[in-house]
1. Among residues other than residue 294 whose Cβ falls under 10 Å from its Cβ, what is the net charge (Lys/Arg +1, Asp/Glu -1)?
2. Counting only Cα atoms, I'd like the Rg/Rh figure for region 263-318, Kirkwood definition for Rh.
Amino acid sequence: MTFKTTMSYTFSRFFVLRKHRSEPTWARLLVDLGIALAFALFFTFIGGLMNRKHLGDWSALWAVFGINLIISGSITLTFHAMWRSLELGLSDAMLARLDRGKSGWWSPLFFGGFSILGCSLGMAIGLILVGLLLKRDMFGGFFGNADTVGTFLLISLAITAVNWVFWKIRNRNQALRLQATDAQLRLLQAQIEPHFLFNTLANVHGLMDVDAPRAKLMLEAFTDYLRASLGQIRHDEASLGEELDMVASYLTLLQIRMGERLRFRIEVPADLRAARLPPLLLQPLVENAVHHGLEPKVDGGEIIIRASQQQGQLLISVSDDGLGLEAPRRAAGSRSGNGIALSNIRSRLQTRFGERAALTLQAQQPVGTLAQISLPLTLTSSTNPSITATSKRLAT
């Protein structure tokens, strides 16, 4: 990335709580320096207006600006150190709750106290540094002047108020974006579900006379799928186990229809089934793998769903040995929602987790496609069964 791109990338993520950061440290320090310069110029200008006799004395203004820059730099670097300590000290779950504004009434109070503490500690460090440079007792002189202390407290309260308003507006806008993307998801699901519903019922009807046991198995799998999918749509969060159960029922239905042309495996540790994530993330990836990878292939293939954790991130992959990304795309028809669904997944991940989450697609060697979702790992206290009842029936 160019210098401009790196700085823009860093600034856009400067006020986002993340344990693992990808932007370089020097870029974050440059942002700190820019903020310190802005505050130093502002306070020098305000000081000049309050003491007009110094307005024409450039040497005095430069001296005041130098003192303000040291103090402002101390405050911003103190905030930087406290912010990073907060990121490293808290769990990923707590960071996500704070970042999304879901920590209740104490979240604004916490950040308000955080701001006052950062200002006070940074100011103390700055005064000590200025005192060492000028060989004067700046610390004692500052706190010995009631007007100066009062001004500092007012500035601290103003910074705290601005900080609180910033987080409230940011969290509100984030919630509105999340509601919009979730509404798009539900609309997309409402458009796709009828096709799947009618096709499945037609398949069951066709099997009733020629293969009743198979029709019964298909109907049971369809019932499991409907139960799981309806539960997902009604909530804004699900467990990985619930997602896997729904996908297993969906693949079981397709397996009954496609026969030996479709095989699937779910390789997920039991403890990760309790991981929390937005609903309906996996099914669009599985649909893409079947529709574009395996269905057009004469001998079909296999889909493997895996999950693991790495550095506080949950990694979920859906791989297939189908035709791959370079193969011609099939006609959209009734499945036109697939591309929109992938864009919707990216939008939902970005809105909910920012740069801490991503969806990537890449070609596998020698054939096939790998889709991988990465998002912050958050675990619940209980886990779901390791496989669905439908999967158990199919295995036997």
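Any read-out appearing in this document is the output of simple, stated calculations on the displayed coordinates, not a laboratory observation. Quantities reported herein were computed from a predicted structural model and do not represent experimental measurements. Every residue, glycine among them, receives a Cβ derived from its backbone with ideal geometry; neighbour counts consider all protein chains shown.
1. Here the count lands on -2.
2. The Rg/Rh ratio comes out at 1.03.
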